[in-house]
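The values are calculated or read from the model by the stated rules, or taken from the named source; none is laboratory data. Remember, predicted model here, so these are calculated numbers, not experimental data. Every residue, glycine as well, gets a Cβ built from its backbone with ideal geometry; the counts of neighbours run over all protein chains shown. Ligands, DNA and RNA are stripped out before the accessible areas are found, and what is left, the full protein with its side chains, is counted by its heavy atoms. Shrake-Rupley method; radii C 1.70, N 1.55, O 1.52, S 1.80 Å.
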Amino acid sequence: MAVTSTFSAHEQSALAAHFQQRDLRCPDTLRSVYGSDLPKRLPGVLCRPTDSDEPFSIAWAERIINASDWPLLPNLVPIMALDERSFVCVVASSLDDDIALPGEGAVVRWHLDVTKDEHQAAILDTNCLLYIESVAEELEAREEGLSRVLEEMGPAYELQYLEVERRPRDFVFRPVRIACQNVAVALGAFAHDSSFDGLSVVAWQTCEVPHVAAHEASRALTALMLCDAFQSGGTMEIRFDQRTRLRADGTTPKSGQHVQVDKTYHGHPERQVPASLRRFGRTVGVPLGQTHNARITPEESRRLFKAITPMPTALAMRVDKAVAEGVATPERLCFTLLSQIWREVELDFMLAVSPRTGSIISGGAPHDRRAERQTESEVTRAALMLGMYFRRLDSSDGAGATKSEARVLEDNRVGVSWEVLPDIGGVRFSGLRSEPLPWQDIHGSSSHVLNDQDTLIVLPRLAVDSETSDLAAALAARASAAVVVPSDARTTSERLPSERCFLLRCPAPPVGLDTAAG
């Protein structure tokens with residue numbers, strides 16, 4: 001990086017004076033930003049440290065933020081406009097503190113208006129110098145990347161595959177577009193490369209928009225890329241420097257668009273691991289491109305896969321234990337969750353109660369091993385019933401509640417949590433709403449309602465035998481307990497002796513659960 005400053009001595013002193021006026025210490029990494037050629041590479045993007053309120057100055061950004069519903073925190077200083085409704089702010093320490101804050105020099109995203117508190121001040125990078133450098137690299141390669149996907153690879157893929165309804169092979173570059181509310185937030189293109197048995201990426205573009213949380217575009221594109229690397233059956237190595245050629249010539253039969261492309265790509269436009277991907281990796285604690293600046297090693301891919309896969313702490317610990325014991329590879333478990341082959345509560349339950357989980361998520365025991373398949377079938381039925389019941393408890397979908405109320409399906413989760421109880425083969429649900437429990441046995445004499453302080457222990461079973469009845473009665477002495485069975489189970493609620501024992505009927509019969517388990 002060049003070290004010649006593009007700012008005058010007056011602007012340099014204005015930077016120091018601005019921090020002093022707010023009783024803050026200017027991070028050394030921020031001084032390095034303004035002492036380099038980065039301001040020249042980012043004109044109209046990086047705020048200037050002048051002592052006036054001119055547009056795109058630090059004072060101008062502070063005025064806009066403090067006039068909003070979310071005034072700045074005392075230790076944040078805006079240095080860049082991220083989008084129309086948010087700014088990039090650097091974290092600084094007070095001059096009175098002898099020890100710097102743990103996050104001094106990091107950058108966070110400050111929204112002018114945000115609906116959820118947890119989205120405010122989300123970390124963008126751990127180092128403001130690395131962040132600004134990455135933004136400059138990203139913007140300098142953006143036009144080439146956009147043209148590559150939108151004008152070349154996209155039309156060629158449409159001509160050769162979409163219009164003729166053909167499925168591409170793994171070695172064919174597949175363009176990817178991710179949008180949220182009709183706004184494109186990520187573009188990419190990747191394919192399996194047999195020359196090194198890994199994934200080759202020639203396009204990767206993400207952006208931040210006001211209505212999407214920080215790094216969510218990078219997280220989504222990373223998840224698709226890593227899932228594709230796993231599905232292709234390679235080593236999980238990902239390269240951004242592989243040479244490839246794209247040729248297409250013809251007219252799409254449906255839209256009538258003429259496509260003529262003959263281009264050779266020498267890897268990704270940035271000629272290294274994309275800046276936005278490296279930036280995202282730093283925020284999740286996985287530095288990328290450490291061995292080679294244009295490649296992600298299999299070990300880095302596995303660590304990144306684990307970091308981006310949402311899972312509660314208890315499930316993460318069980319996944320680590322399963323990997324250590326050789327139950328399954330980390331990429332298989334992460335792929336299982338991200339692709340929703342098995343949901344989080346389902347996988348958590350199976351890992352906790354069954355030694356057959358590795359076989360289950362790998363496709364199950366061979367058909368000629370009847371006893372093993374029967375054991376796996378019982379586990380998968382129980383896990384699926386728990387997963388279905390959890391989604392029902394955690395959904396606030398008010399379909400049919402009132403005719404005048406619009407039905408909203410976006411982010412309708414309630415916040416119910418679960419804890420697997422492996423000793424009894426059950427799950428404890430917490431954070432319930434004060435409303436009748438779903439799936440209650442229609443033959444029961446009453447409709448049970450729990451308040452939001454109650455917990456519910458659910459035992460998934462194929463039928464209620466004496467052992468299950470005794471266990472449910474013992475649990476009911478301490479908390480509400482329920483036994484969930486398939487819809488056609490020949491069981492009645494009379495077999496549960498306590499008033500705090502409920503019989504729940506899953507809408508699906510065993511054959512439906514087996515079909516869902518695959």
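Charge dipole of the stretch 79-201 (Cα centre as origin; +1 on each Lys and Arg Cβ, -1 on each Asp and Glu Cβ, all else neutral): 660 debye, rounded to the nearest 20. Here the stretch 189-218 is scanned for amide nitrogen atoms under 20 Å from the site 7 Å beyond the Cα of Asp113 along Cα-to-Cβ, giving 208-214. In order along the stretch 456-468, phi translates into HN-Hα couplings of 10, 9, 10, 10, x, 9, 7, 7, 9, 9, 5, 5, 5 Hz, rounded to whole numbers, per the Karplus curve 6.51 cos²θ - 1.76 cosθ + 1.60 with θ = phi - 60° and x for Gly and Pro. Spin-label model, Lys321/Arg247: points 7 Å from Cα along the beta carbon direction are separated by 5.6 nm.
The H on the amide N of Phe502, modeled in the peptide plane, is under 5 Å from the matching H of Ala481, Ala482, Val483, each at least 5 residues off or on a different chain. In the context of the full set of protein chains, residues of the stretch 209-286 present 42 Å² of accessible surface per residue (probe radius 1.4 Å, heavy atoms only). Straight-distance candidates among the lysines for linking to Lys321, with alpha-carbon spacing under 16 Å and chain neighbours fewer than 8 residues away dropped: Lys306. Residue-wise HN-Hα couplings along the stretch 130-139, as the Karplus relation 6.51 cos²θ - 1.76 cosθ + 1.60 with θ = phi - 60° gives them from phi, are 5, 5, 5, 4, 5, 5, 4, 4, 5, 5 Hz; Gly and Pro carry x. In the chain, a dipole from Cβ-located charges (positive for Lys and Arg, negative for Asp and Glu) runs towards its positive end, and of Pro274, Gly198, Val33 it is Gly198 whose Cα lies farthest in that direction.
Amide hydrogen proximity for Tyr265: with H placed 1.01 Å from N in the peptide plane, the residues at 5 or more positions away or on another chain lying under 5 Å are Thr244, Arg245, Leu246.
Highest mean packing comes first when the peptides 246-256, 181-191 are listed by Cβ atoms within 10 Å, giving 181-191, 246-256. With coordinates expressed along the principal axes, the C-alpha atoms belonging to the stretch 275-375 extend over 51, 26, 23 Å, beginning with the largest.
In a simple Cβ point-charge model (Lys, Arg +1; Asp, Glu -1; nothing else charged), the stretch 251-351 has a dipole of about 320 debye relative to its Cα centre.
Under a 5 Å amide H cut-off, with hydrogens placed 1.01 Å from N, Ser57 pairs with Arg48 among residues at least 5 apart or on other chains.
Toward the positive end of the charge dipole of the chain, about the Cα centre and with charges on Cβ (Lys, Arg +1; Asp, Glu -1), which of Trp70, Gly363, Met311 goes farthest? Final value for the positive-end residue is Gly363. The longest part of the chain holding none of the exposed loop GluC sites (Glu not before Pro), meaning those outside H, G, I, E and B in DSSP with at most 15 other Cβ atoms within 10 Å, is 166-324. Estimated at 0.36 nm per residue, the fully extended path between Thr235 and Leu139 surpasses their Cα-Cα distance by 31.5 nm.
Under 18 Å of direct C-alpha separation, and excluding same-chain neighbours fewer than eight residues apart, Lys40 reaches these aspartates and glutamates: Glu11, Glu54, Glu133, Glu137, Glu138, Glu140. For a straight C-alpha distance cut-off of 13 angstrom, the aspartates and glutamates reachable from Lys263 (same-chain residues fewer than eight places away being disregarded) are Glu144, Glu151, Glu152, Asp249. Which FRET efficiency value, to the nearest 0.05, do you get for Ala371 and Gln181 by plugging their Cβ-Cβ distance into 1/(1 + (r/R0)^6) with R0 = 51 Å? Computed FRET efficiency for Ala371 and Gln181: 0.50. Would you mind getting me the FRET efficiency between Asp262 and Asp37? Use the beta-carbon distance for r and R0 = 22 Å, nearest 0.05. Efficiency at R0 = 22 Å is approximately 0.05. Between the beta carbons of Glu435 and Gln21, assuming R0 = 45 Å, the FRET efficiency works out to 0.25 to the nearest 0.05. Mean residue ellipticity at 222 nm, helices only, the chain: -10000 deg cm²/dmol; runs of at least 4 DSSP H residues each add -39,500 (n - 2.57), and the sum is divided by the number of residues. Counting only protein chain heavy atoms and rolling a 1.4 Å probe, the accessible areas of Asp348, Asp117 rank, largest first, as Asp117, Asp348.
Exposure check, 1.4 Å probe, all protein chains in place: His292 carries approximately 70 Å² of accessible surface. Which option, (1) 91, 63, 47; (2) 85, 61, 52; (3) 69, 56, 44, is the value of Cα extents along the principal axes in Å that was calculated from these coordinates? Here Cα extents along the principal axes in Å agrees with entry (2). If you average the alpha carbon positions of the stretch 168-188 and of the stretch 108-165, how far apart do those two centres end up, in angstrom? Between the Cα centre of the stretch 168-188 and that of the stretch 108-165, the gap is 12 Å. Across the stretch 307-320, coupling constants 3J(HN,Hα) worked out from phi with the 6.51/-1.76/1.60 Karplus curve, θ = phi - 60°, read 5, 8, 7, x, 7, x, 4, 4, 5, 4, 5, 5, 5, 4 Hz, and Gly and Pro carry x.
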